[in-house]
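The values are calculated or read from the model by the stated rules, or taken from the named source; none is laboratory data. Quick caveat: nothing in here was measured; it's all calculated off a predicted structure. Note: ideal-geometry Cβ built from the backbone for every residue, glycine included; neighbour counts use all protein chains shown. To get the accessible areas, we keep the full protein, side chains included, count just its heavy atoms, and leave off ligands, DNA and RNA. Shrake-Rupley method; radii C 1.70, N 1.55, O 1.52, S 1.80 Å.
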Amino acid sequence: MQLAGKVALITGAGSGIAKATAKLFAKQGAKVAALGRTKEELEDTVAEIQNDNGEAIPLVADISHPEEMQQVTQQIVDKWGRLDIVFANAGINGVWAPIEELAPEEWDKTINVNLKGTFLTVKYAVPYLKKQGGSVIITSSVNGTRIFSNTGATAYSCTKAAQVAFTKMVALELAKHRIRVNVICPGAIETNINESTQRRDLESVQEPVEFPEGHIPLTDGKPGTSEQVAQLVLFLASDASSHITGTEVWIDGGESLLKA
Ligand SMILES: NC(=O)c1ccc[n+]([C@@H]2O[C@H](COP(=O)([O-])OP(=O)(O)OC[C@H]3O[C@@H](n4cnc5c(N)ncnc54)[C@H](O)[C@@H]3O)[C@@H](O)[C@H]2O)c1
């Protein structure tokens with residue numbers, strides 16, 4: 001039980017990477033506050049944890065809304081009296097389009113969810129993390145950190161690059177409170193993320209590059225799984241990584257070494 005007695009906030013917990021992480025954290029003894037946009041999308045995650053004798057509560061909030069985030073963070077502490085781990089993971093791909101076609105409000109939406117949402121998730125948790133120390137893990141991407149050939153995914157990539165800078169700034173600021181802050185950069189992972197992507201007219205701007213068959217070297221092209229990413233998040237959340245802070249870890253089967 002690597003997380004016995006710990007309380008964890010996990011955003012985007014209704015699906016994908018965060019759902020797998022929520023289940024793994026609960027198996028490792030953590031009490032899980034599973035945050036998502038609707039109660040319905042969290043039902044399965046919470047039920048699966050409870051059926052496995054784990055502890056979880058659903059929290060409904062939009063990570064880009066300050067009042068909602070402040071309120072749900074308070075709810076966690078009211079329920080369990082502490083907060084030790086924050087997995088700031090919820091995000092969207094948003095609109096991928098040529099810069100001339102990308103509307104300012106489309107730009108804002110991606111920045112607000114992915115970057116402001118990360119800021120708010122961490123900001124409201126800090127007063128509680130400070131009480132005993134803790135671990136924050138942020139989900140960035142290979143896009144914006146090692147891969148820049150996804151032309152049109154500009155807003156998305158900017159948010160993912162900024163999350164790395166955010167991690168390093170806050171890691172140093174919070175080190176004296178024994179709060180570690182790290183960032184993971186997944187490559188292609190099989191989840192619902194494509195449902196949050198709107199692609200428009202990308203043919204006109206993308207370079208016609210052809211990568212060799214199996215562009216994920218470690219798996220001959222097969223994407224990673226949410227469960228594999230969850231194992232990395234568990235490591236960064238647990239005391240096994242007690243001297244690691246302010247760093248990024250790529251988890252992509254070598255994809256970003258081949259595609260840049
Ligand atoms: N799947 C991939 O290939 C991949 C690669 C690199 C990075 N990522 C990153 O991983 C993270 C998780 O994505 P995923 O792949 O598990 O996809 P996903 O779509 O399955 O999960 C994202 C979750 O975030 C939630 N969410 C979105 N906007 C929200 C908001 N405003 N407030 C609260 N919740 C919100 C969604 O409802 C969903 O449950 C994202 O930050 C994404 O950018 C994914």
First check a/c for the stretch 1-83, with a ≥ b ≥ c the square roots of the eigenvalues of its C-alpha gyration tensor; if it is under 1.5, answer rounded, and if not, answer prolate when a/b is larger than b/c or oblate otherwise. oblate
Listed residues Ile244, Ile76, Ile138; largest mean-square fluctuation, Gaussian network over the chain with Cα springs below 10 Å, found at Ile244
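May I ask you to give the percent of accessible area on the stretch 52-169 that is carbon plus sulfur, with a probe radius of 1.4 Å?
Looking at the stretch 52-169 in its full context, I get 52 percent from C and S.
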Might you tell me the accessible area per residue for the stretch 140-190, computed with a 1.4 Å probe and given in Å²? 39
Between Gln70 and Gln231, what FRET efficiency follows from the Cβ-Cβ distance if R0 is 35 Å, with the result rounded to 0.05? 0.65
How do 6-12, 109-115 rank on mean C-beta neighbours within 10 Å, highest first? 6-12, 109-115
With every protein chain present, what is the per residue accessible area of the stretch 14-83 (1.4 Å probe, Å²)? 47
Excluding same-chain residues fewer than 8 positions from Lys168, which lysines have a Cα within less than 26 Å of its Cα? Lys6, Lys19, Lys109, Lys116, Lys123, Lys130, Lys131, Lys160, Lys176, Lys259
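Taking the Cβ of Thr151 as the centre, find all other residues whose Cβ is under 14 Å away and add up their charges (Lys, Arg: +1; Asp, Glu: -1).
So the surrounding residues net to -2.
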List the aspartates and glutamates whose alpha-carbon lies under 12 Å from that of Lys23, not counting same-chain residues fewer than 8 positions away? Asp44, Glu48, Asp52, Glu55, Glu227
Which order, highest average first, do 86-92, 179-185, 194-200 follow once you tally other Cβ atoms within 10 Å for each residue and take the mean per peptide? 86-92, 179-185, 194-200
Test item: Cα-centred dipole of the chain, Lys/Arg +1 and Asp/Glu -1 on Cβ, debye: 1360
Distance from the Cα centre of the stretch 51-107 to that of the stretch 158-200, in angstrom? 13
Extending each Cα 7 Å along its Cβ direction at Thr151 and Glu207, get the distance between those two points in nm, one decimal. 0.8
Residue farthest toward the positive end of the dipole of the chain, with Cβ of Lys/Arg at +1 and Asp/Glu at -1: which of Ala20, Gly254, Tyr128? Tyr128
Carbon and sulfur %, accessible surface of the stretch 208-260 computed with the full protein complex present, 1.4 Å: 57
In debye, nearest 20, what is the charge dipole magnitude of the stretch 5-67 about its Cα centre with +1 on Lys and Arg Cβ and -1 on Asp and Glu Cβ, if you could check? 280
Expressed in angstrom and ordered largest first, the alpha-carbon extents of the stretch 191-240 along the principal axes are 48, 26, 15
Equivalent ellipsoid dimensions for the chain as semi-axes, Å, which come from the Cα gyration tensor, largest first: 30, 20, 18
Probe 1.4 Å, accessible area per residue of the stretch 199-260, Å²: 64
